1. May I ask you to verify whether residue 71 is assigned to a helix (DSSP H, G or I), at pLDDT below 85 and at negative phi?
2. Just to check your reading of the model, which residue among 25, 50 is exposed (fewer than 13 other Cβ atoms within 10 Å of the Cβ) and modelled with pLDDT under 80?
3. State whether one or more residues within the stretch 170-182 are under 15 Å from the mean Cα position of the chain (by Cα) and either in a helix (DSSP H, G or I) or touching a residue at least 24 places away in the same chain (Cβ under 8 Å) (or both).
4. Does residue 199 fit the bill of being under 16 Å from residue 57 (Cβ atoms) and exposed (fewer than 14 other Cβ atoms within 10 Å of the Cβ)?
5. Please list, ordered by first then second residue, the pairs with beta carbon atoms under 9 Å, 6 or more apart or interchain, first in the stretch 132-160 and farther than 20 Å from residue 213 by Cα, second exposed (fewer than 14 other Cβ atoms within 10 Å of the Cβ) and modelled with pLDDT under 90.
6. When residues of the stretch 123-143 are filtered for being part of a helix (DSSP H, G or I) and either under 25 Å from residue 6 (Cα atoms) or at pLDDT below 85 (or both), how many remain?
7. Condition check: within 30 Å of residue 195 (Cα to Cα), at pLDDT 85 or above, more than 13 Å from the chain's Cα centre (by Cα) and in a helix (DSSP H, G or I). Does residue 62 satisfy that?
8. May I ask you to verify whether residue 208 is crowded, with 19+ Cβ neighbours inside 10 Å and either over 24 Å from residue 53 (Cβ atoms) or within 15 Å of the chain's Cα centre (by Cα) (or both)?
């Protein structure tokens, strides 16, 4: 574990150095993400100018949900998103050889080879709005709630990673899988919708099969709606199960990889 931690730190330093070489692009990307997040908040303002609640969620509970969704999404993008999106191209061109030949886990190397530093900055913006919403709700937040919120945010990142890894692994059979990747990226928008807005099979599907409603709803409810968190430990079991399946799926797919030299 110490070896992989040192390797991750070295890769992070490399990513930071690379980003600082193009400071204008780095700042522009942050501005674009802030503008997109601002549009989401403006959408919430428009809705609550006409209604008092959405699926039982008040205005500041919705801001908490949107902020949490943004936090999880940007944390996932900071560590995994860029690397997952590059996997189909690396498989197609044979560049995956460089990861397979290294004396380390190939899944680890293809997952954290690059860090998106701008996403880390944008994640703090989502967290800031979540804290702002909690202040407006006047909800007391103790150490237990703060710890569980943090754990559920990390859990949401793991769920995103596992699902994305399973999707991009299809690139070992599909020549170009970028369309599937961008399709999954669009599903991110579901994470900022209250799970109470869904019913029946749709709610079940997006809670257990493709658990988008788990990613941000649960951590937001722990803080904003006084959800008794210890009764939903199954959420952590779900993320570990998805991660295990994704890892096995990736290892299986490697058997069908045709390298650049073969």
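1. No: the conditions fail for residue 71.
2. 25
3. Yes - at least one qualifying residue is present in the stretch 170-182.
4. Yes, satisfied.
5. 139/226; 144/230
6. Of the residues in the stretch 123-143, 2 are part of a helix (DSSP H, G or I) and either under 25 Å from residue 6 (Cα atoms) or at pLDDT below 85 (or both).
7. When the stated conditions are applied, residue 62 passes them.
8. Considered against the rule, which asks whether it is crowded, with 19+ Cβ neighbours inside 10 Å and either over 24 Å from residue 53 (Cβ atoms) or within 15 Å of the chain's Cα centre (by Cα) (or both), residue 208 comes out as no.
The values are calculated or read from the model by the stated rules, or taken from the named source; none is laboratory data. Remember, it's a predicted structure, so these values are computed and weren't measured experimentally. Glycine gets a Cβ as well: all are built from the backbone with ideal geometry, and neighbour counts include every protein chain shown.
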